[in-house]
Number of protein chains: 2
Amino acid sequence: MAPSLSTNLPPEQQSASQADRFTRAREVQAVALLEDYVEMIGDLIAEHGEARVADIAERMGVAQPTATKAIARLKREGLATSRPYRGVFLTDDGAALADRVRARHRTVVALLIAVGVPETTAELDAEGIEHHVSEGTLAAFEAYLAQQNRNK
Amino acid sequence: MAPSLSTNLPPEQQSASQADRFTRAREVQAVALLEDYVEMIGDLIAEHGEARVADIAERMGVAQPTATKAIARLKREGLATSRPYRGVFLTDDGAALADRVRARHRTVVALLIAVGVPETTAELDAEGIEHHVSEGTLAAFEAYLAQQNRNK
DNA sequence: GCCGATTTATAGCCATCGCTATACTTATTG
DNA sequence: CAATAAGTATAGCGATGGCTATAAATCGGC
């Protein structure tokens with residue numbers, strides 16, 4: 001079913017809801033970066049006991065000042081703390097977000113694999129997809145995976 | 001499997017591939033907007049015989065100058081043509097891209113529904129997800145859907 | 001054919017997210 | 001306990017993608 005060619009809604013209403021979808025996708029994008037950084041900082045702390053700016057930058061594939069700027073934003077949003085020339089740490093909110101993001105990432109990868117996507121591709125695509133997976137879709141994914149586990 | 005806690009690769013290589021995933025997600029994001037505009041312009045032309053800036057802006061949920069700026073970028077990229085105060089049209093490249101994007105969108109929505117996502121949610125989430133679905137994942141989705149059709 | 005309404009373009013602003021270059025701390029080592 | 005190395009912060013730039021306000025062009029009705 002094509003998005004806007006085959007409904008019987010009045011045009012204004014069609015457009016409004018389509019615009020809403022784009023608006024939501026834009027909003028999602030704005031938090032995606034925060035989610036990625038928070039998850040990665042959580043990973044680094046779990047692995048090394050601390051998260052250094054240089055490590056964060058390397059893993060994110062950005063230059064170091066770009067990471068520094070992102071960390072400033074995390075601090076502004078109350079997700080992380082840091083003192084100059086010291087490591088970065090997560091607040092309770094940040095750690096909780098990291099956990100949610102990590103779990104969602106795993107679920108998305110598992111679902112992609114479950115429907116036949118090769119593992120490498122699944123990992124690659126999941127990085128972008130996960131941020132757009134709403135609560136409802138995530139719940140459906142989990143239900144699907146649980147069902148499939150039962151059947152095998 | 002957590003992304004960076006449970007492999008036996010040397011750390012540098014782990015980081016490199018994780019960085020690559022983020023880099024790719026960033027690149028995808030850069031073309032996502034173009035894809036959305038091109039698909040929408042295609043829809044409008046199919047419906048009304050032409051795509052007006054005002055209609056494009058309304059459907060994208062942005063102000064009219066924002067749409068004008070995006071159209072300028074489409075023209076720069078060789079995807080669309082327009083003359084001042086006239087409608088917007090797609091080049092052959094633009095039309096081909098619109099077709100691919102539309103088909104991918106349908107497939108993503110269908111797959112989400114097939115794994116149990118409610119239709120409304122599927123439409124909403126697909127708008128963001130679709131751009132991150134690679135050729136390989138798309139092929140897997142199509143195979144899965146074909147398989148499921150056979151079994152019912 | 002002109003005049004008001006509609007549509008489109010332009011100007012100029014803001015925030016975000018990249019980057020390089022450089023300054024400043026901290027750590028290390030002779 | 002310097003001097004150098006390494007790590008982090010700051011400054012400043014460019015592109016992108018939003019916005020509002022305003023100018024310019026086109027369209028419709030009289």
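Readers should treat all values here as calculations from the given coordinates under stated rules, not as data from a laboratory. All values derive from a computational prediction rather than experimental measurement. Here Cβ is always computed from backbone atoms with ideal geometry, including for glycine, and neighbour counts include all displayed protein chains.
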Crossing angle, helix A:135-150 versus chain A [Cα axis fit, 0-90 degrees, rounded to tens]: 80
Given charges of +1 on the Cβ of Lys and Arg and -1 on the Cβ of Asp and Glu, with all other atoms neutral, how large is the dipole of segment A:90-152 about its Cα centre, in debye to the nearest 20? 340
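Using only alpha carbon pairs under 8 Å that are at least six residues apart, calculate the relative contact order of segment A:75-129 and give it in whole percent.
Relative contact order, segment A:75-129: 22 percent.
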Please give the calculated 222 nm ellipticity per residue for chain A, where each DSSP H segment of at least 4 residues contributes -39500 (n - 2.57) and the sum is spread over every residue; nearest 500 deg cm²/dmol? -24500 deg cm²/dmol
Looking only at A:19, A:51, A:80, which one moves most when chain A is put into a Gaussian network model with springs between Cα atoms under 10 Å? A:19
Can you name the chain A residue with its Cβ nearest the rotation axis from A to B, and give the distance in Å as a whole number? A:129, 3
Percentage relative contact order, segment A:51-93, counting C-alpha pairs under 8 Å, at least six apart: 35
If you place +1 on the Cβ of every Lys and Arg and -1 on the Cβ of every Asp and Glu, how big does the dipole about the Cα centre of chain A come out, in debye to the nearest 20? 200
For residue B:29, inter-copy label distances in nm, listed shortest first [label point 7 Å out on the Cα-Cβ vector]: 0.8
Förster radius 41 Å - calculated FRET efficiency between residue B:135 and residue A:23, Cβ distance, rounded to 0.05: 0.90
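Considering all projection directions equally, how large on average is the shadow of the alpha-carbon convex hull of the protein assembly as shown, in square nanometres?
For the protein assembly as shown, the mean projected area of the Cα convex hull comes to 18.0 nm².
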Remind me, relative contact order of segment A:19-150 in percent, using alpha carbon pairs under 8 angstrom and six or more residues apart? 23
Placing a label point 7 Å from Cα toward Cβ, how far apart in nm is residue A:54 from its equivalents in the other copies, listed shortest first to one decimal? 5.9
Between the modelled labels at residue B:86 and residue A:150 (7 Å from Cα along Cα→Cβ) the distance in nm is 6.1
Distances from residue B:116 to the same residue in each other copy, label points 7 Å out along Cα→Cβ, in nm, shortest first? 2.0
Could you tell me the center-to-center distance, by alpha carbons, between segment B:34-93 and segment A:75-152 in angstrom? 34
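Of the chymotrypsin sites (Phe, Trp or Tyr not before Pro) in segment B:27-125, which ones lie in a loop per DSSP and count no more than 14 other C-beta atoms within 10 Å? Show your work: numbers first, answer last.
Working: sites: B:37, B:85, B:89; in loops: B:85.
Here the sparse-neighbourhood loop sites are B:85.
As an exercise, find the ratio Rg/Rh for chain A from alpha-carbon atoms, using the Kirkwood inverse-distance average for Rh. Please report the intermediate quantities before stating the final value.
Values: Rg = 18.8 Å, Rh = 17.6 Å.
Over the Cα atoms of chain A, Rg/Rh equals 1.06.
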Calculate the mean, over all residues of peptide A:31-41, of how many other protein chain Cβ atoms lie within 10 angstrom of the residue's Cβ. 2
